[in-house]
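Heads up: the structure comes next, in structure tokens.
FYI, it's all coordinate maths here, none of it is from the lab. What you are looking at is a predicted structure, and each value in this text was computed from that prediction instead of being measured. Neighbour counts are summed over all protein chains in view; Cβ atoms, including those assigned to glycine, are modelled from backbone coordinates with ideal geometry.
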Amino acid sequence: MAIRPILTAPDPRLKAVSKSVDSVDAATRRLIDDMVESMYEADGIGLAAVQVGVAQRIIVMDLDQKDGKQNPRAFINPLITWRSEEVARFEEGCLSVPEIWEEVERSANIKAEFLDREGHKQLLEADGLLATCLQHEMDHLEGVLFIDHLSKLKRSIALRKLQKAKRLKETG
Ligand code: NI
């Protein structure tokens, strides 16, 4: 396994629309393992492959990291098959949008299908943090960041903050 650097906005590669995975093979599982390790290293709860520069429809997530226990899950070619009209608002952050947290409104409940790490089809009904996180990560597959859901003003403030932080890091 290897830790891969996570791209941060406004990197144009984060705008890529990710391609479906044709077959879940050893290379897919290696990528998933790298993504999981990179996510833990960065103290994240979810990561899409495009965030490490690989535009494939793969997401990893671990929402129950407690007491040092790890329960990573992989979602390959995820598809939302149903969403509730009811919405929920959560404060979101993103490893590609460091130091920024804002409330985003999303469907409160969703049904989804995806392939797991072994390439088996799985069905899922989700609410709460899982529903929010899955929608957030699936946005990445379309090149969409959570700040794209904010008002124009909030978004431009966030982008300015990001650019400033990037400049500081470069001149560091
Ligand atoms: Ni994100």
Practice task
Answer rounded, prolate or oblate for segment 1-65, using the Cα gyration tensor with square roots of eigenvalues a ≥ b ≥ c: rounded when a/c is under 1.5, else prolate when a/b is larger than b/c, else oblate.
Solution key: oblate
Practice task
Could you work out how far the C-alpha centroid of segment 2-60 sits from that of segment 130-172, in angstrom?
Solution key: 16
Problem - Residue among SER18, LEU153, GLN65 farthest towards the positive dipole end of segment 12-171, charges placed on Cβ - result: LEU153
Practice task
Taking the Cβ of each residue in ILE45, ILE110 as the centre, tally the other Cβ atoms inside 10 Å and list the residues starting with the fewest.
Solution key: ILE45, ILE110
Exercise for the section: Mind giving me the FRET efficiency for HIS120 and TRP82? R0 is 30 Å, r the Cβ-Cβ distance, nearest 0.05 is fine. Expected result: 0.90
Problem - Furthest towards positive pole of dipole, GLN163, CYS133, GLY53, structure part the chain, Cβ charges - result: GLN163
Completion exercise
Between ASN71 and ALA2, the two model label points (7 Å from Cα along the beta-carbon direction) sit apart by a distance in nm of 3.1
Practice task
Step through the residues of segment 31-42 one at a time and calculate ³J(HN,Hα) from phi using the Karplus curve (6.51 cos²θ - 1.76 cosθ + 1.60, θ = phi - 60°), rounding each to whole Hz and writing x for Gly and Pro.
Solution key: 4, 4, 4, 4, 5, 4, 5, 5, 5, 5, 4, 8
Problem - Estimated [θ] at 222 nm from DSSP helical runs (n ≥ 4, -39500 (n - 2.57)) normalised by residues in the chain, nearest 500 - result: -9500 deg cm²/dmol
Practice task
Taking the Cα centre of segment 12-171 as origin, work out the dipole magnitude from +1 charges on Lys and Arg Cβ and -1 charges on Asp and Glu Cβ, in debye rounded to 20.
Solution key: 800
Completion exercise
With T = 10 °C, eta = 1.306 mPa s and Kirkwood Rh from C-alpha pairs, the Stokes-Einstein D of the chain in µm²/s is about 96
Practice task
In debye, nearest 20, what is the charge dipole magnitude of segment 107-164 about its Cα centre with +1 on Lys and Arg Cβ and -1 on Asp and Glu Cβ, if you could check?
Solution key: 640
Practice task
Go ahead and set up a Gaussian network model of the chain, Cα springs under 10 Å, then flag whichever of LYS19, LYS121, LYS152 fluctuates most.
Solution key: LYS152
Problem - Cβ-based exposure ranking for ARG4, ARG89, in which fewest neighbours within 10 Å come first - result: ARG89, ARG4
Completion exercise
Among SER151, SER20, SER38, the residue with the largest mean-square fluctuation in a Gaussian network model of the chain built from Cα contacts under 10 Å is SER151
Practice task
Evaluate the relative contact order of segment 12-171 (contact order divided by residue number), counting alpha-carbon pairs under 8 angstrom at least 6 apart; express in whole percent.
Solution key: 22
